[in-house]
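K.L.:
Below is a structure I'd like to ask you about.
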Amino acid sequence: MTAIKAIYVDDESPALELIRKYCDDLPEIELLACFLNPVEALQYNRLDEVELFILDIEMPGLSGTEMLALIPKGKLGIFITADPTHAAKAYDLDVIDYLVKPVFPERFLKAVQKAIDYRKLTDPEVEKEFLTFRSDYMLNKVPLSEIQWIEGFGEYLKIITRYKQYLVLQRFSDFIEKNVKLGFVRIHKSYIVQKAHILSHNSQFVVLKDGKQLPIGRTYKDALK
């Protein structure tokens, strides 16, 4: 897969030069341009090509959070800032990562890799091996093989793995519609299960490989067979 195309916007020249140097050393990212002024960045003639926006938050004229809100949906964002208190607001904008200055190369590479992994998940030509979702103000990337089942209730999902549970603000029906090809089978109005974790089933229950039993709804018995 080609390098992810990015721009960086920060009103501090030393920060721009540092991130430019990091990007020069990473084949995973192509830094198209750097800007001291966020308004100029929004007028960049190659803006449509940009996949990843790396932004400072506190800038004169237009903050990083305000700028990201003006960017079309589907673009990715990483915040780099000296102020750690903006984290909750940043994740309301679904940023990939939030870095606090000073940023070291290993930490920057990790953020870039998260952006690349997320891009793979949204690429219809790439097999989806991970599920990415927001929970507790964080973007989480969980291997599909670790997800045992998902339970829906109201406006929320509960994603269950062998070692952890996640609460996600998303309707069950919306999740099923968007992730129909990810290997889940619906067994109940409130449950979908990863096929790989099913050990056996009878007329009432699905038995998972770890011994957990989940109920089967009457209308889903034929689909399960």
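K.L.:
Kindly write out, for the range 206-213 in residue order, the coupling ³J(HN,Hα) from the Karplus curve 6.51 cos²θ - 1.76 cosθ + 1.60 (θ = phi - 60°), rounded to whole Hz, with x marking Gly and Pro.
P.N.:
9, 9, 8, 5, 8, x, 5, 10
K.L.:
On to the next question. Tell me the label-point distance for the pair residue 224, residue 106, using the 7 Å Cα-to-Cβ offset, in nm and rounded to one decimal.
P.N.:
4.7
K.L.:
Taking a 24 Å limit on the Cα-Cα distance, which of the listed pairs 73/164; 75/110; 158/221; 114/178; 110/209 fall beyond it? Spell out each step's value before the answer.
P.N.:
Details: 73/164 30 Å; 75/110 18 Å; 158/221 22 Å; 114/178 21 Å; 110/209 33 Å.
Checking Cα-Cα distances, 73/164; 110/209 exceed 24 Å.
K.L.:
Using only DSSP helix segments of four residues or longer, with each worth -39500 (n - 2.57), what per-residue ellipticity at 222 nm results for the chain after dividing by its residue count and rounding to 500?
P.N.:
Working: 7 runs with 59 residues, N = 225.
Calculated mean residue ellipticity at 222 nm is -7000 deg cm²/dmol.
K.L.:
With labels modelled as points extended 7 Å from the Cα through the Cβ direction, what inter-label distance (nm, one decimal) is found for residue 145 paired with residue 85?
P.N.:
Modelled inter-label distance: 4.5 nm.
K.L.:
What is the dipole size for the chain, taken about its Cα centre, with +1 at each Lys and Arg Cβ and -1 at each Asp and Glu Cβ, in debye to the nearest 20?
P.N.:
Numbers: 30 positive and 33 negative charges, 356 e Å.
So the magnitude is around 1700 debye.
K.L.:
Rg and Dmax in Å for the chain, alpha carbons only: what are they?
P.N.:
20.8, 67
K.L.:
Can you work out the FRET efficiency for the pair residue 205 and residue 163, with r the C-beta to C-beta distance and R0 = 30 Å, to the nearest 0.05? Kindly include the intermediate steps, with their values, before the conclusion.
P.N.:
Numbers: r = 23 Å, r/R0 = 0.76.
Calculated value: 0.85.
K.L.:
For a paramagnetic label modelled at 7 Å from the Cα of residue 132 toward its Cβ, which residues of the range 1-32 fall within the zone defined by backbone nitrogen distances under 16 Å?
P.N.:
It comes to 1-7, 28-30, nothing else.
K.L.:
Using the Cα centre of the range 4-122 as the reference point, and only Cβ charges (+1 on K/R, -1 on D/E), how large is the resulting charge dipole? Debye, rounded to the nearest 20.
P.N.:
Values: 13 positive and 21 negative charges, 73 e Å.
Around 340 debye, computed over the range 4-122.
Since every read-out is calculated from the coordinates, none of them should be taken as a lab result. On a predicted model such as this, the values are computed, not experimentally measured, just so you know. Reconstructed Cβ throughout: ideal geometry from the backbone, glycine too, with neighbour counts over all protein chains shown.
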